[in-house]
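A quick write-up on the structure given underneath.
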Amino acid sequence: MPRFSLRGIAVLYLLAVLLGPLAMVFYRAFERGAHPLWTSLTDPNTIHAFKLTLEITAIAVPINTVFGIVCALAIVRRRFPGAGIVNAIVDLPLALSPVVVGLMLFLLYGRTGWFGSFFQDHGIQILFATPAMVIATIFVSLPFVAREVVPTLRELGDEQEQAAHTLGASGWQTFWRVTLPSIRWAVVYGVVLTTARCLGEYGAVAVVSGHIEGKTETATLRVQDYYENFNQSGSYGIAIVLAAISVIVLLAMTLLRPKEGS
Amino acid sequence: MTTFLSVVVLLPIAALVWTSGKHGRHEFWTVVSAPEAVAALKLTLGAAVIVSALNAVLGTVTAWVLVRDDFAGKSLMNAVIDLPFALPTIVGGLTLLALYGPSSPLGVDIAFTRTAIVLALMFETLPFVVRTVQPVLLELDLESEEAARSLGAGEARVFRSIVLPNILPGILSGVALAFARAVGEIGSIVLISGNVPFKTEVAAVFVFNHIQSGDQNGASAVAVVMLLISFLLLLVIGGLRYLTTRHERHA
Amino acid sequence: MSIEVRNVSKRFGSFQALDDVSLDVDGGSLTALLGPSGSGKSTLLRIIAGLEHPDVGAIRLAGEDATVVAPQKRGVGFVFQHYAAFKHMTVRDNVAFGLKIRKQPKDAIEARVEELLQLVQLQGFGHRYPAQLSGGQRQRMALARALAPEPKVLLLDEPFGALDARVRAELRVWLRRLHDETHTTTVFVTHDQEEAMEVADSVVVMNDGRVEQVAGPRELYDAPANEFVMRFVGEAISFDGSLVRPHDLELSLEADESTREAQVERVVHLGFDVRAELVGDDGRPFVVQLTRDDAETLELEPGEIVFVRAKRSRQPA
């Protein structure tokens, strides 16, 4: 097929679906002037929403990083029956709707849920509070570190680790001095993907949070809130902040992306 | 690690499956075949099929251009592909509203239509096929294509007989991932589609609404169907991964 | 089918791969393009095949200009160093590919494929996939595939380069025999001078994008056109201001006006031949090759002083 027409199709496709709309967001954010934009962005509930998003991310990312590394090590290095199933379970959040995730947590921790009464008796609130949102975010961002580390670990082989053992290094020393440094870029890339996912989470937290303004609203939920209340500057304003963060994430992804092909 | 997985993943799944089956199979079937549920599922699956088919073609074309073509701005284009992965879904929906919604500079307004749903899904699933086909294209043995040409095959034949069979598994796994994503998507759709039952209400929105209204049975039933679809797609992706390595494992 | 290359030049970026190359290949001949990496030999072969286009110059096949003709239409068969097998097709389908393109009837295709598999001794392997074959078998399949549509020219790009020494030796003999049977004009590229000398009727020595000499193996060895050809085609020793072959140096225990003094450092026995490593009176090391008998007559030992002369002057022209 002639080069130009293929190239043209690809460029047009990206312009129409990605770049055009993104450019418009910036326009819309400033369309009604900088003042309403500023007011919405500095609104205490908005600031709280950003803070909450960051808090949840700050909890979920380290947990999933540790889990991802441990999981990858188990899948690749330890031949145990069911390694394939573990692999599949870890992949599940990628294929599952976040709303379904929210529902599942509802059924576990809601008032009529399996553990609902247990937590209620102890005065701990899970649903409609931060704990449920954290659990939901952990679930949906689970796979990324593991999926990046697994192929890297496989390619590395365990010869270096065996060498370390023969030189007297303990399991922990080997991990810290030999394994971790070899997988660090895969881990970093996985962390970048996990962070992006946590910052952008909507469906699951929408279900379990209750949308309580100033208490259980994340930045993404606030975007919806502003939009549905016809506050265009507010919703597009938060959107461009999130988009700006995404561009930084995108930069990090582009620079760190593992090289493909031989 | 297994405890962590069980608590975070397996337990919730168990809760969902149990709840949906709580009142027996007959009750489950009644709830699932309620007209609103069926409409939501049909719309979701239909949209997912359209989007997957479009992605198969457009994603492959984009991957081809990124691998085989060279032009100024190509690396920018390559970086931009991942934008839907990096951007929150609700912002994704908002960006499409900005250009194609009310008071659009282009004069169109697709808000509250099914087109909006397809468009939102195209945005969110754009990277999948591109990123699964790219590495396969990079690994292709160019000399096979030259050999085919030297044997008399025209360009279309070379693509059909030599390139396509080798990139097909890549295309299919990208399509499976895109399909899974499309079936479960909510963030990008919730603002742009209007969520009108029987018209623009997708399965995820159905589940959401029925949780809000306290109808846990209805929500669980449809959610279980979505869970099943996700499992099936995971199987397909795993199977494709197995198949792609089949050729190499013969030696 | 004869091949004429006329004033072909080709650049890749700042690298001049071919510089005004002209060449004639006789129909029915078996020609080697010999040279070091970067000499342009593969580029020239690919230009003949139509897989690359020259910046300047022309290619004529059987007298007709083919410079811009697509590779599909040139009637050339091409064999690649790394086989370029169609991994997703069976051996049979690989070999049949060119015939299926030409829409030949099924039974004709089957018969021809069977015939070719017999020719390359892969009968019984038709249903296998390339991944299940050894390197040598894959290359034989690639040859059968290239030969199937009865090309008028067969081009091979370092065809045995990826194979181990023994298989290489076998396939060399085999290629020669194949050519003797089919009489297809064959051109192959190699950096191995032994391979070129053993297999080809005519050798084209290339260096730095230019043709250094075109000659039969014997003439190339005995009458090299310049120092590069002499050194590339065999071992050459600098002796007394000129280049000679190690076996053209004579050792004796008596001095005379034509001899130079040298000390034996090491004597290496290679079966029939003996290599004596010597240091000349100017301090420079060199090698002399002689037969066992001669070495025994001289009773060569390390440390011994001997006298060296050139048997015949075989200097580059």
- Task: With r as the distance between the Cβ atoms of C:Glu115 and C:Asp256 and R0 = 51 Å, compute the FRET efficiency 1/(1 + (r/R0)^6) and round to 0.05.
- Result: 0.20
- Message: Based only on Cα atoms, what mean projected area does the convex hull of the stretch C:86-136 have, in nm²?
- Response: 3.5 nm²
- Query: What Kirkwood radius, in Å to one decimal, follows from the Cα pairs of the stretch C:3-229?
  - Reply: 18.1 Å
- Item | Span from the the stretch C:247-292 Cα centroid across to the the stretch B:97-143 one, whole angstrom | 78 Å
- Message: Residue by residue through B:224-230, how many Cβ atoms from other chains fall within 10 Å of the Cβ on average?
- Response: 4
- Message: Quick check: pseudo-label points 7 Å beyond the Cα along Cα→Cβ at A:Trp38 and B:Val108, how many nm apart are they?
- Response: 3.7 nm
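Express as a percent, rounded to the nearest 5, the fraction of DSSP beta bridges in the protein assembly as shown (both residues included) that run antiparallel.
Of the beta bridges lying entirely in the protein assembly as shown, close to 70 percent run antiparallel.
How crowded by other chains is B:231-242, given as the mean number of beta carbons from other chains within 10 Å of each beta carbon? Can you show the working numbers first?
Numbers: counts 4, 1, 3, 8, 1, 1, 4, 4, 0, 0, 0, 0.
Counting Cβ atoms of other protein chains within 10 Å of each residue's Cβ and averaging gives 2.
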- Message: What whole-number volume per residue, in cubic angstrom, does the convex hull of the C-alpha atoms of the stretch C:142-293 give?
- Response: 161 Å³
- Cα convex hull of the stretch A:1-69 - mean projected area over all directions, nm²: 8.7 nm²
- Item | Length released on extending from C:Asp192 to C:Ser14, taking residue separation times 0.36 nm less the Cα-Cα span | 61.4 nm
- Message: Output needed: percent of Cα pairs per 5 Å distance bin for chain A, bins running from 0 to the one holding the longest distance.
- Response: 1, 6, 10, 12, 14, 14, 12, 11, 8, 6, 3, 1, 1, 0, 0
- Give me the orientation-averaged projected area of the Cα convex hull of the protein assembly as shown, in nm², one decimal. 47.9 nm²
- In the stretch B:1-107, which chymotrypsin sites (Phe, Trp or Tyr not before Pro) fall in coil by DSSP and have 16 or fewer other Cβ atoms within 10 Å? B:Phe71
- Message: If you fit an axis through the alpha-carbon atoms of helix B:114-139 and take the longest principal axis of the Cα set of chain B, what angle between them do you get, 0 to 90°, nearest 10?
- Response: 40 degrees
- In nm, to one decimal, how far is the modelled label at C:Asp164 from the one at B:Ala53, with both set 7 Å along Cα→Cβ? 5.3 nm
- Which FRET efficiency value, to the nearest 0.05, do you get for A:Thr166 and A:Tyr27 by plugging their Cβ-Cβ distance into 1/(1 + (r/R0)^6) with R0 = 56 Å? 0.30
- What pairs in C:Lys73/C:Lys152; A:Lys51/A:Lys215; B:Lys74/C:Lys10; C:Lys103/C:Lys152 have C-alpha atoms more than 21 Å from each other? B:Lys74/C:Lys10
- By how many degrees, 0 to 90 and rounded to 10, does the Cα axis of helix B:203-212 deviate from the longest principal axis of chain B? 30 degrees
- Message: If R₀ is 22 angstrom, what is the calculated FRET efficiency for the pair C:Glu64 and C:Glu150, using the beta carbon separation as r and rounding to 0.05?
- Response: 0.75
- Ascending count of other beta-carbon atoms within 10 Å, so fewest first, for C:Arg60, C:Arg145, C:Arg112, C:Arg266: C:Arg266, C:Arg60, C:Arg112, C:Arg145
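Using only the alpha carbon atoms of the stretch B:183-241, find the Kirkwood hydrodynamic radius as the inverse mean reciprocal pair distance, in angstroms to one decimal.
12.5 Å is the Kirkwood radius here.
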- Message: Could you tell me the relative contact order of chain C? Use alpha-carbon pairs under 8 Å, at least six residues apart, and round to a whole percent.
- Response: 18 percent
- Item | Gyration tensor over alpha-carbon atoms, chain B, equivalent ellipsoid semi-axes in Å | 37, 25, 16
- Item | Residue order, fewest to most surrounding Cβ atoms within 10 angstrom, among B:Thr89, B:Thr44 | B:Thr89, B:Thr44
- Item | DSSP-loop GluC sites (Glu not before Pro) across the stretch C:236-303, with at most 11 other Cβ within 10 angstrom | C:Glu254, C:Glu257, C:Glu299
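Given only helices, namely DSSP H runs of n ≥ 4 each adding -39500 (n - 2.57), what is the per-residue ellipticity at 222 nm of chain C, to the nearest 500 deg cm²/dmol?
Per the formula, -8500 deg cm²/dmol.
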- Mind checking the angle between helix C:106-119 and chain C's longest principal axis? C-alpha axes, 0 to 90 degrees, to the nearest 10. 10 degrees
- Roughly what % antiparallel, to the nearest 5, for the DSSP beta bridges in chain C? 70 percent
- Just tell me which lysines come within less than 19 Å, Cα to Cα, of B:Lys42; anything on the same chain fewer than 8 places away is out. B:Lys199
- Query: Just the C-alpha atoms of the stretch C:44-88: what Rg/Rh do they give, with Rh taken as the Kirkwood radius?
  - Reply: 1.03
- Kirkwood Rh for the stretch C:209-317 from C-alpha pairs, in Å, is 14.7 Å
- Give me a single rounded figure for C:50-61: the average over its residues of other chain Cβ atoms within 10 Å of their Cβ. 1
- Task: Measure off 7 Å from each Cα along the Cα-to-Cβ vector at A:Phe80 and A:Phe4, then give the distance between these two points in nanometres to one decimal.
- Result: 6.1 nm
- Note on the structure: Once amide hydrogens are built 1.01 Å from N within the peptide plane, the residues lying 5 or more places from C:Leu249 or on another chain with amide H under 5 Å from its amide H are C:Gln289, C:Lys311
- How long are the semi-axes of the ellipsoid equivalent to the stretch C:1-103, from square roots of 5 times the Cα gyration tensor eigenvalues, in whole Å, largest first? 26, 17, 13
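Values in this text are rule-based calculations from the coordinates and carry no lab data. Since the model is a prediction, treat every value here as computed from it, not as a measurement. Positions of Cβ are backbone-derived with ideal geometry, glycine not excepted, and every protein chain shown enters the neighbour counts.
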